[in-house]
Amino acid sequence: MRFRTRRTWLSRVLVLVALVVGVASSTQAAAPRTSAPTTARAAGFAVSARVRDLASKMPPDSTIPAEWIRDNDRLPRSKGPFYPGRGEAPAAPLAETPNAMPGPSGTFAAISADEAATVGGRFVPPDTVGDVGPNHFVQAVNTVLRVYDKDGNPLTDLVNLSTFFAPLGAGCGGQYGDPIVLYDSLADRWIVSQFGLPNGFQPPFHQCIAVSQTADPTGAFYLYDFHMPDKVNDYPHLGVWPDGYYMSDNQFTIGGSAYAGAGLLAFDRSKMLVGDPTAAYVYFDYFPIDPTAGGMLPSDVDGLTPPPPGTPNLFFEFRADEFGDPFDALRIYEFHVDFADPGSSTLTARPDLPTASFDARSPGSRACIEQPPPAGSGDGVDCIADRMMHRVAYRTLAGGVQSFVCNWTVNVSGVDPTSAATYQAGVRFTELRRNAVNGNMTILNQVTYAPGSGSPGTG
């Protein structure tokens, strides 16, 4: 979440959102709707130096805009038309005692926000991401990257992402952020991404994507610079799928003054794996169809068994009655890409899938989850309760069963949380199954994990 906005614009758009959201939500479930795709080739291509050869240093001409230091962005629907005085009880406990969670196979200290600050600047809250492969753990924190073996030994220096992406030029070689690290288990490769805003919030806007040349993430990467459509591509998240690398973002208008809807993209994975500079993306702008959509995530493959050929990538977002929707639900979008004929690509919203009730309300501040002493009142953790948490994990289970797992933050205090003192966070976990014949989705498991809930006065 690197794009910084001020909360002043939110108050201006809330009235419009309140009027629109009920209409959009009530018609969404009636029938699938689609929009027309557009496509564009990579604007830049290069090959990085070997990551293990890159030094830990801040480029001398690098600057970090002051407005990026604290993260203040929110989707307009995060404070929708709440029902005054309405409270929801915490979710009921599981009917049976779950199996005990096994301990981790290993733990070690990786990049901290303090350590990242010595190379790439300090960000509050930090964007901490990483992924694990057969032999490596690759982590990024805001503007720095490091590769470890699975015993926690650093295999590279702390690498500034601006140095890593520098061969692409200023569009990707600056201090930007919102990094994503993914391991492509189907190809045994690594993906690293960040956005680029060299002109502030003026176009062109860049999405910078690196794909490792081999299974070794300490080696060289193919680097791609994709110019995004003329909307700020905030909060990008990627997912690995057999026919593409899929991405969602929360778009903002040029200049960053207003939310501009959800963007959904697919990048040509087959070309990017071999370093083909003609790799392109297919893009859908969902804002004209539903201006309240956003905070969605694409599916990301786990394991070595791909989904059946032709299975579309599924994008997920949650909907809530607190946002003006008729009921709590998951909204699922089917994205089928065709790089040979991009105009034949399709995006279809399936009817909303009702879930068990949850409370999506959260305070207006970002530091909304209180922490125990010695933390102070201003040291709360960001709840980010208006969107799903990265990532939507997909796995093909025994017998070809298609399983999807997603999660997001919910309020379990039982009261309307007007401040951190009256807010208490829980993790809403949902596991879904997809019918391979008709594509229908069903919820297999759903539960809110919130030990010690129900005491909003003590957090």
*Kindly provide the set of residues from segment 292-334 that are hydrophobic (A, V, I, L, M, F, W, C) and in contact with a helix residue (DSSP H, G or I) (Cβ under 7 Å, 6 or more places away or on another chain), ordered by number.*
323, 327
*Looking at this structure, is residue 296 touching a residue at least 60 places away in the same chain (Cβ under 8 Å) and crowded, with 21+ Cβ neighbours inside 10 Å?*
yes
*Can you tell me which residues in segment 266-293 are open to solvent by less than 40 Å² (accessible area, probe 1.4 Å), hydrophobic (A, V, I, L, M, F, W, C) and in a loop (DSSP other than H, G, I, E, B)?*
279, 289, 293
_I want to confirm something. Restricting to segment 120-140 and keeping residues that are at pLDDT below 85 and closer than 18 Å to residue 164 by Cα, which single residue is surrounded by the fewest Cβ atoms within 10 Å (Cβ to Cβ)?_
121
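Residue by residue, here is whether (1) β-branched (Val, Ile, Thr); (2) at pLDDT below 95 holds:
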residue: 320; (1), (2): no, no
residue: 365; (1), (2): no, yes
residue: 369; (1), (2): yes, yes
residue: 416; (1), (2): no, yes
residue: 424; (1), (2): no, yes
*What pairs can you find where one residue is in segment 117-143 and hydroxyl-bearing (Ser, Thr, Tyr), the other is in a strand (DSSP E or B), and their Cβ atoms are less than 7 Å apart, with a gap of 6+ or different chains?*
128/141; 143/160; 143/177
*Do you know which residues across segment 136-151 are in contact with a strand residue (DSSP E or B) (Cβ under 9 Å, 6 or more places away or on another chain), of a type outside the set (A, V, I, L, M, F, W, C) and farther than 19 Å from residue 53 by Cα?*
142, 150
*Any idea which of (1) part of a strand (DSSP E or B); (2) within 18 Å of residue 132 (Cβ to Cβ) is the one residue 222 doesn't satisfy?*
(2)
*Kindly list the number of the only condition in (1) of a type outside the set (Lys, Arg); (2) surrounded by 19 or more Cβ atoms within 10 Å (Cβ to Cβ); (3) closer than 18 Å to residue 227 by Cβ that fails for residue 169.*
(2)
*Give the residues of segment 294-332 that are in a loop (DSSP other than H, G, I, E, B) and touching a Phe, Trp or Tyr at 6+ places or on another chain (Cβ under 6 Å), sorted by residue number.*
296, 312, 328
*Residues in segment 412-447 that are under 23 Å from residue 334 (Cα atoms) and of a type in the set (Val, Ile, Thr): how many?*
4
*Condition broken by residue 257, with the remaining ones in (1) open to solvent by 10 Å² or more (accessible area, probe 1.4 Å); (2) at pLDDT 95 or above satisfied*: (2)
*Determine whether residue 367 is of a type in the set (Gly, Ala, Ser), surrounded by fewer than 22 Cβ atoms within 10 Å (Cβ to Cβ) and more than 26 Å from residue 446 (Cβ to Cβ).*
yes
*Within segment 187-214, work out how many residues are within 23 Å of residue 50 (Cβ to Cβ) and open to solvent by 40 Å² or more (accessible area, probe 1.4 Å).*
4
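The values are calculated or read from the model by the stated rules, or taken from the named source; none is laboratory data. Since this is a predicted model, take the numbers as computed values, not measurements. Neighbour counts are summed over all protein chains in view; Cβ atoms, including those assigned to glycine, are modelled from backbone coordinates with ideal geometry. In case anyone asks, the SASA skips ligands and DNA or RNA and just uses the protein heavy atoms, side chains included. Shrake-Rupley method; radii C 1.70, N 1.55, O 1.52, S 1.80 Å.
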